[in-house]
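As structure tokens, the structure follows; a few thoughts come after it.
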Amino acid sequence: MDAKTAIFDGSNIYHFGRNNGLDAQPLGLIAHQLRVEGYRIVCFFDANIFYTLNEHGAFPRDQQHLVMMLEDIFGLRTDEIYVVPSGVQADKYVLDSLKHLPISFAVTNDQFRDYAKKYPTVMKGNQWRKGVVISKNEIKLLHYRLQNPIRLN
């Protein structure tokens, strides 16, 4: 596969948004901007994402857990969403994808220190991982300049 790919650690970026009072907004806005810039979007969520969103009031407690809900909440497409099996962290899926997709980077604030020995070729330098920050009322990626700034209201 030669398409350039942005691989999201979805649960990580959701928690970043939540901790900054923005909930799903950063993930959706970054994914949209990178899609516009020609990137294929792949977003891995931990299995508990539905429970986390439910606890945060994103949908009624008795509602069935459907990928369609993640599409609506995060502004992602069905073919961009992957919920990993219960008992497994999305981290491994993110790093395995980076290993097999040479023109790619991860969008995450996780440094994956626990995986450094298993993925030394993936985790070289600072180009494999783009952290997310909020600065001067903009959502930014570290080590990557977005073509159009993502401004917050």
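Coordinate-derived values only; no laboratory data. Note that this is a predicted model, so its numbers are computed, not measured. All Cβ positions, glycine included, derive from the backbone under ideal geometry; neighbour counts span all protein chains shown.
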Under-5 Å amide H pairs with LEU152, H placed in peptide plane, nonlocal only: GLU138, ILE139
When the charge dipole of the chain is computed with +1 on Lys and Arg Cβ and -1 on Asp and Glu Cβ about the Cα centre, the Cα farthest towards its positive end, among ILE103, ILE41, ASN54, belongs to ILE103
For the stretch 68-81, in residue order, the Karplus 3J(HN,Hα) values (coefficients 6.51, -1.76, 1.60; θ = phi - 60°; whole Hz; Gly and Pro = x) are 4, 5, 5, 4, 5, 5, 9, x, 9, 9, 3, 6, 9, 9
Where only C-alpha atoms are counted, convex hull volume of the chain per residue in Å³: 118 Å³
What is the distance in Å between the Cα centres of the stretch 97-153 and the stretch 6-21? 12 Å
With +1 on the Cβ of every Lys and Arg and -1 on the Cβ of every Asp and Glu, the dipole magnitude of the stretch 5-151 about its Cα centre, in debye rounded to the nearest 20, is 700 debye
Short version: ³J(HN,Hα) in whole Hz for each residue of the stretch 7-12, in order, from phi by Karplus 6.51 cos²θ - 1.76 cosθ + 1.60 (θ = phi - 60°), x for Gly and Pro, what are they? 9, 8, 8, x, 5, 4
Run the helix sum for the chain: -39,500 (n - 2.57) per DSSP H stretch of 4+ residues, divided by residue count, reported at 222 nm to the nearest 500 deg cm²/dmol. -9000 deg cm²/dmol
Of the DSSP beta bridges with both residues in the chain, give the percent that are antiparallel, rounding to the nearest 5. 35 percent
For the chain, the charge dipole (Cβ of Lys, Arg +1; Cβ of Asp, Glu -1; about the Cα centre) points to a positive end, and the Cα of GLY10, THR78, ILE134 closest to that extreme belongs to ILE134
Here the stretch 25-34 yields Karplus 3J(HN,Hα) values (6.51, -1.76, 1.60; θ = phi - 60°; whole Hz; Gly and Pro given as x) of 4, x, 4, x, 5, 5, 4, 4, 5, 5
Please count, across the chain, the pairs of lysine residues with Cα atoms under 24 Å apart that sit 8 or more places apart or on different chains. 18
